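Below is one structure, written out as C-alpha cells, with a few remarks after it.
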Amino acid sequence: MSNIFLHDALIYLAAAVVFVPIAKKLGMGSVLGYLLGGIIIGPFFLGFIGQEGKDIMHFAEFGVVMMLFLIGLELEPSNFWRMRNLILGTGSVQLCTTTVLIFAVFLFIGFSWQAALACGLALAMSSTAIVMQTLREKGLTRTESGKSSFAVLLFQDIAVIPILALLPLLAFSAVHAPATGNATLLSGQPGWAQTLTLLGAVGLVILSGRFVIVPFLRFIARIHLRELFTAAALLIVIGTAYIMMLVGLSPALGTFLAGVVLANSEFRHELESDIEPFKGILLGLFFISVGASINFSLIVNNPLKIVALVCGIIVIKASVLFLTGKLSRLSFDQNLLFTLGLAQVGEFAFVLFSFSHQLNILSTQWTDMMMGVTAISMTVTPLLLLANERFIFPRFGTKEKEEKEADDIDVHNPVIIAGFGHFGSTLGRFLRANGINATILDNDSDRVDLLRKMGFKVFYGDATRVDILKSAGADEARVLIAAIDSPETNYDLVEKTKKLFPHLTIMVRARSRLDAYELIDMGVKDIYRESLDTSVRLGIDVLIKLGIRKYSATRAGQNFIKYDEAAMYQLAPHRHDQDTYIFNTREQIQLQEQLLTNDREVNPTLNDHAWDSDLVVNKFADDGSEH
Amino acid sequence: MNKILILFAHPRFEKSKTNRALLKNIEQRQGVTLNDLYEQYPDFNIDVDREKELLLAHQIIIWHHPLYMYSAPALLKQWIDLVLEYGWAHGKDGDFLKNKIIFNAITAGGTREVYAPGGYNRFTIKEFLVPFEQTATLCKMIYLPPFAVQGTHLLTGETLQHHVALYSALLDRLVAGDFDIEAMKKVEYLNDWLLPETGLAKP
C-alpha cells in the first residue's frame with residue numbers, strides 16, 4: 001500500500017467528513033457538501049489534489065456504476081410495467097425535445113451536424129446520481145415530482161445504451177482508432193460491428209444474470225457466511241463492469257442491466273444492502289472529484305463563454321422540463337422541483353463526451369469545455385434547489401403533502417415478519433388468509449426459494465441488519481413480528497427496532513418463560529410464549545378425554561392462560577432479587593417451584609363457580625328447613 | 001353528578017351505522033364509561049371481578065345492544081349470567097346493586113308499529129324486555145323504560161341525527177341528575193319522555 005494512496009484516501013475522506021456535516025448543518029444537502037469539498041481541496045484552491053483528480057474520478061465513477069446497479073435492482077419488471085407510460089411518455093418528450101433544441105443551437109453556433117447531435121444527446125442527460133441522492137435525502141422520492149424525475153432519469157439511463165451504439169455511426173472515420181491507450185474490442189471495428197458487439201454484450205448480461213448469477217448466489221447463500229455474500233455481490237458488480245469495459249461499453253449500463261435482471265430474484269434486498277454502503281462512499285468520492293475537476297482556469301480565461309453556455313443549457317433544459325411537467329400534469333410547485341432538479345447535465349455526459357472525442361466527433365478543446373460545463377452545471381443544481389426551497393416555494397408554493405400511494409415504486413406492507421420457520425409461516429398464512437400482506441424476512445435461502453415459488457413475498461436477508469430492515473420497509477410498516485427461532489437473534493432485533501424504528505409495534509415470539517422475562521426487561525409489551533397456548537390446548541383436550549364437559553374444560557384453559565400471563569408479569573421483576581449468580585437450570589427449577597406454589601394458593605380453575613346453582617339450591621334448602 | 005356505565009354488546013359494531021353514530025365520541029363525555037363487551041371479551045371469558053368493580057363505581061347502568069331475535073346478543077346474556085351473582089347482586093346479602101338505575105338502549109330493524117299486539121311481531125318491545133326488567137327487579141334495581149332507535153334499516157341521515165341528539169340529551173340529563181324517575185316510568189319509551197321536555201322535535 002503506497003503512501004500516495006493513503007495520502008489521497010486521507011484527503012478525500014477528511015474532505016467528506018468536514019464538508020458534508022457543514023453543508024447538512026446549513027441545510028444544503030450532502031451532494032453540495034461533497035461538491036464544495038471537492039472544489040476546495042482541488043487544484044485551484046487548496047491544491048491538496050492536483051490533476052490526478054481525473055484519475056480518481058475514473059475510480060469514483062464506480063460509485064455511479066453501483067448506483068445504477070441499485071437502481072436496476074429496484075426496477076422489478078412489474079414496477080417497470082406499471083410505470084411504463086410515465087417512463088416512455090415523459091422520458092421521450094424530455095430527451096427528444098432537449099436534443100433537438102440543443103442540436104439546433106449548436107448547429108447555429110457553427111458545429112458540424114454530427115458534433116451538434118452528439119452534444120445535444122450528451123447534454124440532454126441529467127444526473128441520476130445528484131437527483132436521486134437529493135430526492136432521497138429530502139424524502140421526496142414518493143411525490144409526483146419524484147416519480148416523474150425517476151421516470152425521466154430511467155429513460156435517459158436506458159437511452160444511453162442505444163446512443164452509445166449509434167455514436168460510432170456518426171464518426172467521420174471510424175478507422176482512426178482513438179489514441180487513448182486502452183484498446184478495447186470495439187476500437188478499430190467498423191461502425192456496424194461495434195453496434196452488433198454492443199447488442200451482443202447486452203444479451204450476454206441478461207442471459208448470464210438469469211442462468212448463472214442466481215444459481216451462483218444460491219450456492220453462496222447456502223454457505224451461510226455473510227462476508228462471502230458481500231464479496232459475491234461486489235464480484236457481480238465488478239465483473240459485469242469489467243466485461244463491459246472489455247467490449248468498450250459503459251460499465252454503468254452493464255451493471256444497470258444486471259441489476260434489472262436480478263431485481264426479480266429473492267436476493268434483491270440482500271444485494272441492495274450489501275452494495276449500498278460501497279455505493280454511498282464511492283458516490284461521495286465521485287461528487288468530490290467532480291468538484292475538484294472543475295477547471296477554474298477555463299472559467300477565468302473565458303468567463304463569458306462558460307457562463308453563457310452553462311446558463312443557456314440550463315435554461316433550455318429547464319424550459320423543456322417545465323413543459324414536460326405540464327404535459328404530465330404536475331402541480332406548479334411539483335413541476336418547479338422537477339424542472340430545477342433535472343436541469344443539470346449528468347454524469348453520463350462525461351461518458352458520451354469522451355466517447356465522442358475518441359471517435360473524433362468532438363475536438364479536444366470543446367470536449368474539455370463541455371466537461372467543465374457539465375461539472376459546473378452539476379454544482380449549480382443543489383444551489384438552484386436550495387434557492388427554490390428558500391425563496392420560491394415560500395412565496396408561490398403550496399407544498400404538496402407527501403402522499404403515499406399504493407402503486408408506488410415499492411409497495412410496503414403494514415406487517416413485517418422476521419423469521420418464517422414453523423412459527424412465522426403459520427402466522428403469515430393466517431394473516432394472508434385475512435387479506436393482510438406481510439413482508440417476510442428469512443435467512444434460509446432454500447426456504448425463501450420454496451416460499452417464493454408458492455407465491456409469498458419473501459426476502460432473503462438477516463433481519464437484524466438495519467439496512468435490510470430499512471429496505472423491507474420498516475420506516476413505513478406498523479407492526480414488526482420477531483418470530484426468529486433463536487431467542488438471542490430476537491433480542492437483537494427487538495433492541496435495534498426499539499432504537500431505530502420507535503414507531504413500530506413489536507410483537508415477539510418467546511420460546512420459554514425465561515425468554516419472556518428477558519423481553520419484559522427490554523420493555524416489550526406483546527410477548528407470545530410458543531409453549532403456552534399449545535400446551536394448555538392439549539391440557540384442555542386431556543380434561544375432555546377424561547370426561548369433563550368441553551365448555552368447562554375450555555373455560556378452565558382460558559382462565560389458566562390469563563392467570564399464567566398475569567403471573568409472568570408479576571414474577572418478572574423479582575427474579576433479579578437474588579444477588580448470587582444462579583445457573584440457568586437452577587433458575588428453571590426455582591421458577592417451576594415458585595409457579596407450583598402459586599398455583600396451589602390461587603388455583604386459577606377450581607374457583608370457577610359460574611352458572612353454579614348449588615348456592616341457590618342451598619339457599620332454598622336453608623329456607624325450606626327454616627319454614 | 002351521576003356516573004353512567006354503558007354495557008355495550010354488539011358482535012358487528014363496525015357494520016352498524018346506527019350504533020356507531022350513537023356512540024361517536026362517547027369516550028370524551030364527562031361521567032360516561034363505555035364498556036365495549038365484545039371488544040373486551042372476544043373469547044366470552046368475562047372477568048367477573050372487573051365487571052363488579054365497574055358496576056360499583058357507577059350509579060346508572062345502560063344495557064346498550066341491538067335487538068337480535070327479540071333479545072340481546074349472546075355475550076350480554078353471558079354477562080348477566082356471570083356477573084349478577086347470587087349473594088352479590090341478588091339473594092342473601094346480594095345488595096350491592098340496590099337502587100341503581102338500569103334500562104335498555106336498543107336498536108331494532110323493525111319500526112315501532114310492528115311491535116304491537118296486532119303487528120307483525122305480535123308483542124311490544126316492553127314485553128320482549130320483560131326478562132331484563134325482572135332481572136333488574138331481582139337485583140333490587142330501578143328499571144326504566146327502554147330508549148329505542150327503531151326502523152334502523154330505513155333511517156336517513158337526518159332521522160339518525162335526531163336519534164343521536166336524543167341519546168345525547170338523555171345522557172346529559174342523567175349525568176346532571178335532571179330527571180324525575182316517576183315521570184320516566186310513565187312513558188313507553190324514554191324517547192317519548194325526552195321529546196316534549198327537550199324541545200327536540202321529531203322530524
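Structure notes:
- Qualifying residue in the range A:308-329 (condition: in contact (Cβ under 8 Å) with a residue 24 or more places away in the chain, small (Gly, Ala, Ser) and surrounded by 24 or more Cβ atoms within 10 Å (Cβ to Cβ)): yes
- Residues located in the range A:526-553, provided they are farther than 27 Å from A:Ile506 by Cβ, of a type outside the set (Ser, Thr, Tyr) and within 14 Å of chain B (Cβ to nearest Cβ): A:Ile540, A:Lys550, A:Ala553
- Residue count for the range B:82-133 satisfying the condition of being more than 23 Å from B:Leu174 (Cβ to Cβ), among the acidic types (Asp, Glu) and under 17 Å from the mean Cα position of the chain (by Cα): 1.
- Hey, A:Ser512 under 28 Å from the mean Cα position of the chain (by Cα) and either within 24 Å of A:Gln558 (Cβ to Cβ) or of a type outside the set (Phe, Trp, Tyr) (or both) or not: no
- Among residues of the range A:261-308, those that are of a type in the set (Lys, Arg) and in contact with a Phe, Trp or Tyr (Cβ under 9 Å, 6 or more places away or on another chain), counted: 2
Matching residues to (1) surrounded by fewer than 24 Cβ atoms within 10 Å (Cβ to Cβ); (2) farther than 21 Å from A:Leu167 by Cβ; (3) among the charged types (D, E, K, R); (4) at pLDDT below 85:
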{"site": "A:Val93", "(1), (2), (3), (4)": "yes, yes, no, no"}
{"site": "A:Val105", "(1), (2), (3), (4)": "yes, no, no, no"}
{"site": "A:Phe108", "(1), (2), (3), (4)": "yes, yes, no, no"}
{"site": "A:Ala118", "(1), (2), (3), (4)": "no, no, no, no"}
{"site": "A:Met132", "(1), (2), (3), (4)": "yes, yes, no, yes"}
{"site": "A:Leu135", "(1), (2), (3), (4)": "yes, yes, no, yes"}
{"site": "A:Arg142", "(1), (2), (3), (4)": "yes, yes, yes, yes"}
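- In the range A:482-527, residue farthest from A:Gly419 (Cα to Cα) [restricted to those that are assigned to a loop (DSSP other than H, G, I, E, B) and polar (S, T, N, Q)]: A:Ser512
Matching residues to (1) assigned by TED's automatic domain parsing to the domain that holds A:Gln570; (2) in contact with a strand residue (DSSP E or B) (Cβ under 8 Å, 6 or more places away or on another chain); (3) under 22 Å from A:Glu565 (Cα atoms):
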residue	(1), (2), (3)
A:Phe501	yes, yes, no
A:Thr505	yes, yes, yes
A:Val508	yes, yes, yes
A:Arg513	yes, yes, yes
A:Leu519	yes, yes, yes
A:Leu538	yes, no, yes
A:Leu543	yes, no, yes
A:Leu546	yes, no, no
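Yes/no matrix, rows are residues, columns are (1) within 14 Å of chain B (Cβ to nearest Cβ); (2) modelled with pLDDT of 75 or more:
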{"position": "A:Arg555", "(1), (2)": "yes, yes"}
{"position": "A:Gln570", "(1), (2)": "no, yes"}
{"position": "A:Gln588", "(1), (2)": "no, no"}
{"position": "A:Asn603", "(1), (2)": "no, no"}
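- Every pair of residues 6+ apart whose Cβ atoms lie under 9 Å, when the first sits in the range A:525-548 and is touching a residue at least 60 places away in the same chain (Cβ under 8 Å) while the second is basic (Lys, Arg) and not in a strand (DSSP E or B): A:Glu530/A:Arg511
- Here B:Phe123 qualifies as closer than 26 Å to B:Leu166 by Cβ, more than 14 Å from chain A (Cβ to nearest Cβ), in a loop (DSSP other than H, G, I, E, B) and out of contact with any Asp or Glu (no Cβ under 6 Å at 6 or more places or on another chain).
- Residue within the range B:28-46 that is of a type in the set (A, V, I, L, M, F, W, C) and farther than 26 Å from B:Ala169 by Cα present: yes
- Single condition B:His10 does not satisfy, out of (1) part of a loop (DSSP other than H, G, I, E, B); (2) modelled with pLDDT under 95: (2)
- Qualifying residue in the range B:160-170 (condition: of a type in the set (Phe, Trp, Tyr), surrounded by 12 or more Cβ atoms within 10 Å (Cβ to Cβ) and touching a Lys or Arg at 6+ places or on another chain (Cβ under 7 Å)): no
- Helices (runs of 4 or more DSSP H) within the range A:205-308 that include 3 or more residues hydroxyl-bearing (Ser, Thr, Tyr): A:226-246, A:268-293
- Only one of the numbered conditions (1) more than 28 Å from A:Val31 (Cβ to Cβ); (2) touching a residue at least 60 places away in the same chain (Cβ under 8 Å); (3) of a type in the set (Ser, Thr, Tyr) is not met by A:Ser265, and that is (2).
- Subset of the range A:221-235 (residues that are crowded, with 18+ Cβ neighbours inside 10 Å and free of Cβ contacts under 8 Å to residues at least 40 places away in the same chain): A:Ala232
The values are calculated or read from the model by the stated rules, or taken from the named source; none is laboratory data. For clarity, every value in this text was computed on a predicted model and none was experimentally measured. Cβ atoms come from the backbone with ideal geometry, glycine included; neighbour counts cover every protein chain shown.
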